[in-house]
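Chemist: Quick one: the structure is below, questions incoming.
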Amino acid sequence: AVKSSGRDGLSCYAPSEQASFSDQLTLRLELRQALKNGQIMVYYQPLMDSLGQLVGAEALLRWQHPERGFIPPDSFIPLAEDSGLILPIGIFVLQQATEQFARWNKQGMRLSEISINVSGRQLRDQNFIRQVSESLKEHNIAPGQIVFELTESVLMDKISGSRLQDLKDLGVSLALDDFGTGYAALLYLRRFPLDRLKIDRSFVREMLDSSSDATIVSTLITLANKLKLQVVAEGVERSDQFETLRDYGCELFQGFLFSQALAPAQFEAQFLNQVSNKRSG
Ligand code: C2E
Ligand code: MG
Ligand code: MG
Ligand code: MG
């Protein structure tokens, strides 16, 4: 196994394509145990408005492996999808995220929404829609407060694509994640009942150095605004990127400029304080 320094400065397992076959096999077996042993956790990355104020959060999985350290989701979600383990993991994320969202709002955080990533395999599962509506009822969450994030590869699958209307019928919002990285994206905007686009962070990263990336980003934002779709810029790391994106008409932002994904306690330490500071100040 190749270890490298992760972006959080934590020890970080190499991406799955670099891991050997036997490594992947071991990881796959360990993943099943990890879910039972509480090594799989949900972190939350804040979503900001154009004033830089908190409006919501995206639930992001983390695997804290006892020997290998932190394993990023891009390395274990594909394994979970292959083995079917993505179904119990998906239920876990759904339950954790809706419970956390309800608790934070009771504590006074007043988030308007929570985003959850959904894989194609989950959408194809007969039980998914029912699990979603049960979680919403259990925690007394309005469907409009939930955003499900889907990638283009999910939409490319016939069955998953046909499930989107069932989700819309529940009243939840749908976002197209990593927008611009696939190649039939514009077609999807017309065909599927989407509410939001998330512009992939690769465009945001290159935007200020590459005029073609800048043109793509500003055009996507204009297009989305005209189609009455919300736009989120992913991967905002610097204030000059934030300012340029605002000039282009983007209204929602995520990125290390504001915060990386945080454990619930860290999230509270950072944002519950802000609320009470605002109140007392
Ligand atoms: P994503 O949904 O596009 O999530 C955004 C990723 O970008 C996250 O990586 C986040 O930590 C990272 N990120 C956010 N801001 C910045 C920034 O300013 N700079 C840089 N360089 N990166 C930033 P993460 O947490 O490693 O997640 C990777 C992917 O794994 C996610 O991409 C999502 O596709 C998948 N994933 C995570 N949690 C789940 C889950 O519960 N279910 C499913 N199906 N997929 C998940
Ligand atoms: Mg996402
Ligand atoms: Mg994304
Ligand atoms: Mg992604």
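Chemist: Restricting the calculation to Cα positions, tell me the Rg (one decimal) and the Dmax (whole number) of the chain in Å.
Modeler: Here Rg and the maximum Cα pair distance are 18.7, 57 Å.
Chemist: Sticking with this one: Can you tell me how the stretch 90-239 classifies by the Cα gyration tensor, rounded, prolate or oblate, using a/c under 1.5 as the rounded cut?
Modeler: oblate
Chemist: Let me ask another. Given R₀ = 35 Å, FRET efficiency for residue 140-residue 51 by Cβ-Cβ distance, to 0.05?
Modeler: After rounding to 0.05, the efficiency reads 0.75.
Chemist: List the chymotrypsin sites (Phe, Trp or Tyr not before Pro) within the stretch 143-217 that DSSP assigns to loop and that have no more than 16 neighbouring Cβ atoms inside 10 Å.
Modeler: 183
Chemist: Hey, another quick one. Full-extension gain between residue 23 and residue 270, please, as 0.36 nm times their residue separation minus the C-alpha to C-alpha distance.
Modeler: Extending this stretch completely gives an extra 85.2 nm.
Chemist: Shape call for the stretch 145-206 from the C-alpha gyration tensor, a ≥ b ≥ c root eigenvalues: rounded (a/c under 1.5), prolate (a/b greater than b/c) or oblate?
Modeler: Numbers: a/c = 2.42, a/b = 1.48, b/c = 1.63.
Here the stretch 145-206 falls in the oblate category.
Chemist: For the pairs 106/168; 137/226; 106/226; 106/158, note any where the Cα-Cα span goes beyond 32 Å. Numbers along the way, then the final one.
Modeler: Numbers: 106/168 26 Å; 137/226 34 Å; 106/226 36 Å; 106/158 39 Å.
In this structure, 137/226; 106/226; 106/158 exceed 32 Å between Cα atoms.
Chemist: Give me the 1.4 Å probe accessible area per residue for the chain, excluding ligands and nucleic acids, in Å².
Modeler: Computed with neighbouring chains in place, this is 49 Å² per residue.
Chemist: Here's another thing I want to ask about it. Per the helix-only calculation at 222 nm, which mean residue ellipticity applies to the chain, given -39500 (n - 2.57) for every DSSP H run of n ≥ 4 and division by its residues, nearest 500 deg cm²/dmol?
Modeler: Calculated at 222 nm, the ellipticity per residue is -15000 deg cm²/dmol.
Chemist: Which residues make up the longest stretch of the chain that has no trypsin sites (Lys or Arg not before Pro) in a DSSP loop with at most 13 other Cβ atoms within 10 Å?
Modeler: Details: sites that count: 7, 110, 228.
In the chain, the maximal stretch lacking such sites is 111-227.
Chemist: If you place +1 on the Cβ of every Lys and Arg and -1 on the Cβ of every Asp and Glu, how big does the dipole about the Cα centre of the stretch 90-192 come out, in debye to the nearest 20?
Modeler: Its charge dipole is roughly 180 debye.
Chemist: For the chain, give the percent of accessible area contributed by carbon and sulfur heavy atoms, probe 1.4 Å, rounded to a whole number. Display every interim value, and only then the final one.
Modeler: On the way: 6740 of 13730 Å².
Of the solvent-accessible surface of the chain, carbon and sulfur hold 49 percent.
Chemist: Here's a follow-up. Cα gyration tensor of the stretch 33-106, axes a ≥ b ≥ c as square roots of the eigenvalues: rounded (a/c below 1.5), prolate (a/b > b/c) or oblate? Write out the running numbers ahead of the final one.
Modeler: Values: a/c = 2.12, a/b = 1.79, b/c = 1.18.
It is prolate, given that a/c is not under 1.5 and a/b is the larger ratio.
The values are calculated or read from the model by the stated rules, or taken from the named source; none is laboratory data. What you see is a predicted model; the values in this text were computed from it and never measured. Note: ideal-geometry Cβ built from the backbone for every residue, glycine included; neighbour counts use all protein chains shown. These area figures cover heavy atoms from the full protein model, side chains too; ligands, DNA and RNA do not enter into them. Shrake-Rupley method; radii C 1.70, N 1.55, O 1.52, S 1.80 Å.
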